[in-house]
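K.L.:
Please see the structure below; I have some questions.
The values are calculated or read from the model by the stated rules, or taken from the named source; none is laboratory data. Only a predicted model underlies this, so the values are computations on that prediction, with no experimental measurement involved. All Cβ positions, even for glycine, are placed from backbone atoms using ideal geometry, and neighbour counts span all protein chains on display.
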Amino acid sequence: MNNASQKDDIPKERKASVPSSSQTLRMIAERAGCAVSTVSRVINGKRKNFSVRPELEERILLLVREFGYRPNPFLQSMRTRETRIIAIFDPIVGFSDFQQRAKSGFLDKIKEAGYLAVGIYVQLYHVHDYTVPFPVIGSLLFDVSDLSFLEFFEKKAIPYVVLNGLCRENGDSVQVDEAASAHLLLDLLVEKGHRHIVYYGAHRDAQTIGQHYSGLSREQFFCEELAARGLPLPDRDGNALKQAVSFLKHHVLKRKATAVVCYDHVRAEKILHAAWTMGIRIPEQLSVLSFDDHGAMTRTIPPITACKIDGYDLGVAAAKLLLQRIGAREEVCSNIKKIAPLLVLRESVASLSTDNDS
């Protein structure tokens, strides 16, 4: 039986059993004994140049609940140019567990405030994807590292917040406090006697549009922490090595580094694997730490010490910033909120004896 025959077999009663929005409004108006326009104004909270008897308003709202009627927020936006819709620009690829937690925190907070979210899928580094075909009151973006991506929002004066990225004049951003992360990592290593500490970034996208801003800031703060403690900076030739095996040969076997701080969990896992293939024992011969945490870090051998932050907290903070900007009665300055991490101690770091200090 083809689809057309199946449709013809559906009883007429079933076809007509689900009324349209306009039909529902008419039925509510008939039951309430008033005009459709009165029902529409009550539902949408329109009070300008309009009043309604309290008993009629109560009757309408009871009928709205009885019929299970909900106004379409997209149609409302197109008709009135007023909206409570917030656009969330989800990257098509690379959407991590951290971002998902952040999105959950953001959604919970804006829904609590009575706003509606709609997802828009974008190529992270494709500026033309950052547009909206309907009115929105604000936007959430992820991982913006190139300020040209924000040109659309700046020109349209759409309030926005960037999660774990950069912002311009008309927006705010919430970022991990990378300086605090570097301080925690170096404090631990110095406390355990390490003096020759190196950084493994291995950014193949260095100096390109695809490089996240933290690719520069984490190494910068790492070097600043070394300098503040009077410790030697890693040599530039060694830092340019991207392959983990070559990196360890240069810094550990040749230069006798005792600890390596990695840009993220991916690099930390590469260092662990390379050390295993080279017979370098972790943490006995080399301590390994990471600037960020990931579920896999608890399953490596040994589990890796890292800086941890709950993405949910970043999402809530992002929502608060955006709601403040939306509700502001006058122009507000751009704001960058830093969220401090916690250091999660695991078995990848060992203390050095005085005899081993360099």
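K.L.:
Only residues that are closer than 17 Å to Gln211 by Cβ, surrounded by 14 or more Cβ atoms within 10 Å (Cβ to Cβ) and within 16 Å of the chain's Cα centre (by Cα): list them for segment 115-140, please. Full working, then the answer.
P.N.:
Keep residues of segment 115-140 that are closer than 17 Å to Gln211 by Cβ, which gives 123-127.
From the residues that got through so far, the ones that are surrounded by 14 or more Cβ atoms within 10 Å (Cβ to Cβ) too are 124-125, 127.
Hits for segment 115-140 are Leu124, Tyr125.
K.L.:
Same structure again: Could you list, in sequence order, all residues of segment 232-249 that are of a type in the set (A, V, I, L, M) and crowded, with 17+ Cβ neighbours inside 10 Å?
P.N.:
Across segment 232-249, the qualifying residues are Ala244, Leu248.
K.L.:
Considering each of Arg281, Arg325, Arg346, Arg255 in turn, give the residue that is in contact with a Gly (Cβ under 9 Å, 6 or more places away or on another chain) and under 20 Å from Gly193 (Cβ atoms).
P.N.:
Of Arg281, Arg325, Arg346, Arg255, the one residue that is in contact with a Gly (Cβ under 9 Å, 6 or more places away or on another chain) and under 20 Å from Gly193 (Cβ atoms) is Arg255.
K.L.:
Also, I was wondering about something else. When residues of segment 100-114 are filtered for being surrounded by 17 or more Cβ atoms within 10 Å (Cβ to Cβ) and modelled with pLDDT under 90, how many remain?
P.N.:
So the first thing to find is which residues in segment 100-114 are surrounded by 17 or more Cβ atoms within 10 Å (Cβ to Cβ), and the list is 101-103, 105-107, 109-110.
Next, from what is left, pick out any that are modelled with pLDDT under 90: none.
Within segment 100-114, residues that are surrounded by 17 or more Cβ atoms within 10 Å (Cβ to Cβ) and modelled with pLDDT under 90 number 0.
K.L.:
Identify the residue in segment 16-60 that is on the phi > 0 side of the Ramachandran plot and modelled with pLDDT under 80 and, among all such residues, is nearest to the chain's Cα centre (by Cα).
P.N.:
My answer is Gly45.
K.L.:
Out of the residues in segment 138-180 that are among the β-branched types (Val, Ile, Thr) and in a loop (DSSP other than H, G, I, E, B), which is nearest to Val332 (Cα to Cα)? Please lay out each step first, then the result.
P.N.:
Let us first name the residues in segment 138-180 that are among the β-branched types (Val, Ile, Thr), namely 144, 158, 161-162, 174, 176.
Subsequent filtering for residues that are in a loop (DSSP other than H, G, I, E, B) retains 144, 158.
On the way: Val144: 21, Ile158: 13 Å.
Checking each candidate, the answer is Ile158.
K.L.:
Follow-up question, since we're still on this one. Filter segment 107-137 down to residues that are touching a strand residue (DSSP E or B) at 6+ places or on another chain (Cβ under 6 Å) and part of a helix (DSSP H, G or I) and give me whichever is farthest from Gln175 (Cα to Cα).
P.N.:
That would be Asp129.
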